[in-house]
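Trainee: Attaching a single structure in structure tokens format; questions to follow.
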Amino acid sequence: QVQLAESGGGLVQAGGSLRLSCAASGSFSSYNVMGWYRQAPGMQREQVATMSTAGTTTYADSVKGRFIISREGTKDWVYLQMNSLKAEDTGIYYCRLLGSRSDYWGQGTQVTVSS
């Protein structure tokens, strides 16, 4: 059973920073991408940032220049450094591990940015 455990969410004022962490555990075969997604109240889940095993990153236009995704070199951990947070960044942030034949999601961590 694969588990993805997110942590690091919380309440922060606009302009502040948070760092999210996601730890993957369990038995899984090789994967292609780890990433972060978020879902705001009443909205669809959207991609925030992803990183392939080759190190290629993608970012949503709304977070470019403010968020940075990174991986722990020797562990199946992925981080999301979020700077200059805005009220519209509020939502539940989910970690995802995607392989050619697998797709795992974490339970999510709440991020609330007060304006």
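The values are calculated or read from the model by the stated rules, or taken from the named source; none is laboratory data. Quick caveat: nothing in here was measured; it's all calculated off a predicted structure. As a convention, Cβ positions derive from the backbone with ideal geometry for all residues, glycine included, and neighbour counts pool all protein chains shown. SASA here: full protein model, heavy atoms, side chains in, ligands and nucleic acids out. Shrake-Rupley method; radii C 1.70, N 1.55, O 1.52, S 1.80 Å.
Trainee: Please count how many residues of the stretch 29-51 are under 9 Å from the mean Cα position of the chain (by Cα) and either open to solvent by 30 Å² or more (accessible area, probe 1.4 Å) or charged (D, E, K, R) (or both).
Mentor: 2
Trainee: I need the full set of residues from the stretch 52-87 which are charged (D, E, K, R), surrounded by fewer than 14 Cβ atoms within 10 Å (Cβ to Cβ) and over 24 Å from residue 15 (Cα atoms), in order please.
Mentor: 72, 75
Trainee: Could you please find all residues in the stretch 93-109 being open to solvent by 60 Å² or more (accessible area, probe 1.4 Å) and within 11 Å of the chain's Cα centre (by Cα)?
Mentor: Result: 105, single match.
Trainee: Name the residues in the stretch 52-81 that are among the hydrophobic types (A, V, I, L, M, F, W, C) and at pLDDT 95 or above, would you?
Mentor: Correct list: 60, 63, 67, 68, 69, 80.
Trainee: Name the residue, out of 63, 111, 78, that is touching a helix residue (DSSP H, G or I) at 6+ places or on another chain (Cβ under 9 Å) and assigned to a strand (DSSP E or B).
Mentor: Answer to the selection: 111.
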